[in-house]
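Engineer: Shown below is the structure under consideration.
The values are calculated or read from the model by the stated rules, or taken from the named source; none is laboratory data. This is a predicted model, so every value here is computed, not measured. Here the Cβ positions follow ideal geometry from the backbone for every residue, glycine too, while neighbour counts run over all protein chains shown.
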Amino acid sequence: MDVTLKAMRYFLTAVECGSIAGAAKKMNVVPSAIFTAVNQVEEAFGLQLTLRHRSKGITPTATGLIVMKKLQHLLDEYDTVMGEGADLRSKLTGSLRVGYYAPIAPAFVPAITSTLLEGNSGIDVKFTECDNHSAQLGLIDGTYDVIICVANAMHPQITFEPLTDVSAYLLTSETHPFASQTSVDAKKLANEKLVLLDLPVVSEYYGQLFEAAGVSPDVIATSSSVEMVRSMVGQGIGCSVLHMRPVTDISYAGQRVVAVPFDPPLEPLQIALGYLPDNPRRLVSAFVNEISNYFEGDDVQKFLVKVT
C-alpha cells in the first residue's frame, strides 16, 4: 500500500516523541490519527518498525531506525524541492521583448532593466527600436510584450499608461547666440538653419509646430538618429528641435551642445507605455510596474528641458 507524506511525518513524530499522545499534541491532531499512521507505515514496509509499551510509549526497532533515516531523508528532499518551487514562483523568469519608439529611451531604460534583472537570473530581455506604428502592430501580433512609444493614435486593443509629457526644446552648438539665452521663442527659428529628426510622429509634430509659430523652416539636413542630429548640431551645421535629452551635453563627435527651452512652451509629446490587458505574464507586469515607478520619481526630470 502507498504511504502518504502526512503518514510519514506522523510516524516520525511519534517515534521522536516516544508516545502517540505526545505526537498528537505536537501535530495538533487526535491520537487515533497518529496511531493509524504508524500502522500504515509498518504495513507498507511489512516490517515491525516500532515497539509499543503501555507505560513506556513507543520506541523504534533496529530496522525502524534504518527506515526512520530513509523517511527523514525523503521528507527533507521533498521540503527542499517545494521550497525551491516557492522560490522560483517568487522570482521572475522568461524572455521579455520590448519595442520602443522613444529616441532617448537608452537614457532611462537601462536603469529600469537593471532593477528588473537584480536577483532574477532567469530573465533575458530584447529591445528593438522601431517607429510608433510598427511598435503598436508588433505588440498586437505578439512580436513585443510591451512597448514604449508616443501616445499618438493608439490602437484600441492596446492598454497604455502615460509616462510623462515631454516639451520640445531647441538644441544649439555652444557657440550659437541662442546658447547663452535662458529661453527662446519658436518664432526666432524663421532665420535659422535646422537639422531635424526624420521619424514618424515627430516629423508630423514639426509640421504642426512650425505652422503654429508661423515659420517656414530652412531644413538643411535630416536624420533618423538622435545622435547624428546632436553631432551635426555640435558641428555648427544648424539648430534642432528635440524633446527628451540625454544626461551628457557632449555629442558623439566630442562637441558640446546646449539645450534651450522654448518660451512660450510648445505643445508637448506624451511618452506612453503600451501593453495588452490580457497578457498574464508576471514578467510583463513587473516591467510595467518598474517603468511606471521610475517615471513617478524624480530621476526622469534630468531628461526634460523646461523654462525655469
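Engineer: Could you check, for region 262-279, whether at least one of its residues is without any contact (Cβ under 8 Å) to a residue 12 or more places away in the chain, surrounded by fewer than 20 Cβ atoms within 10 Å (Cβ to Cβ) and under 30 Å from T159 (Cβ atoms)?
Structural biologist: Yes, the conditions are met somewhere in region 262-279.
Engineer: Go through M27, M82 for me and flag whichever is within 14 Å of R9 (Cβ to Cβ), at pLDDT below 85 and not basic (K, R).
Structural biologist: It is M82.
Engineer: On to the next question. Please verify whether V125 is of a type in the set (A, V, I, L, M, F, W, C) and under 19 Å from Q270 (Cβ atoms), treating the condition exactly as stated.
Structural biologist: No.
Engineer: Sticking with this structure for a sec: Under 9 Å between Cβ atoms, at least 6 apart or on separate chains: pull out the pairs that start in region 139-164 with a residue that is without any contact (Cβ under 8 Å) to a residue 24 or more places away in the chain and assigned by TED's automatic domain parsing to the domain that holds D298 and end on any residue that is in a strand (DSSP E or B) and of a type outside the set (K, R).
Structural biologist: If the second residue must be in a strand (DSSP E or B) and of a type outside the set (K, R), the pairs left are H155/G274.
Engineer: Let me ask something else about it. Need pairs with beta-carbon distance below 7 Å; first residue under 22 Å from T182 (Cβ atoms) and within region 284-308, second exposed (fewer than 13 other Cβ atoms within 10 Å of the Cβ) and hydrophobic (A, V, I, L, M, F, W, C); sequence gap 6+ or separate chains.
Structural biologist: Matching pairs, first to second residue: K302/V247.
Engineer: Right, next: Give me a count of the residues in region 188-210 that are surrounded by 14 or more Cβ atoms within 10 Å (Cβ to Cβ) and part of a helix (DSSP H, G or I). Steps first, please.
Structural biologist: Just the residues of region 188-210 that are surrounded by 14 or more Cβ atoms within 10 Å (Cβ to Cβ), to begin with: 188-189, 192-202, 205-206, 209-210.
From what is left, the residues that are part of a helix (DSSP H, G or I) are 188-189, 202, 205-206, 209-210.
Residues flagged as surrounded by 14 or more Cβ atoms within 10 Å (Cβ to Cβ) and part of a helix (DSSP H, G or I) within region 188-210 amount to 7.
Engineer: Could you please find all residues in region 217-266 being more than 20 Å from D198 (Cβ to Cβ) and among the acidic types (D, E)?
Structural biologist: Correct list: D249, D263.
Engineer: Return the only residue of G22, G64 being farther than 14 Å from K6 by Cβ, under 51 Å from the mean Cα position of the chain (by Cα) and assigned to a helix (DSSP H, G or I).
Structural biologist: G22 is the lone residue from the list that is farther than 14 Å from K6 by Cβ, under 51 Å from the mean Cα position of the chain (by Cα) and assigned to a helix (DSSP H, G or I).
Engineer: Of the residues that make up region 170-182, is at least one within 13 Å of L242 (Cβ to Cβ) and of a type outside the set (S, T, Y)?
Structural biologist: Yes.
Engineer: Name the single residue that is nearest to the chain's Cα centre (by Cα) among those in region 211-242 being among the hydroxyl-bearing types (S, T, Y) and outside any strand (DSSP E or B).
Structural biologist: The residue in question is S225.
Engineer: Same structure again: Which count do you get for residues in region 232-261 that are small (G, A, S) and free of Cβ contacts under 8 Å to residues at least 24 places away in the same chain?
Structural biologist: Selection size over region 232-261: 2.
Engineer: Do we have any residue at all in region 274-293 that's part of a helix (DSSP H, G or I), over 24 Å from I140 (Cα atoms) and touching a helix residue (DSSP H, G or I) at 6+ places or on another chain (Cβ under 9 Å)?
Structural biologist: So far as region 274-293 goes, yes, one or more of its residues are part of a helix (DSSP H, G or I), over 24 Å from I140 (Cα atoms) and touching a helix residue (DSSP H, G or I) at 6+ places or on another chain (Cβ under 9 Å).
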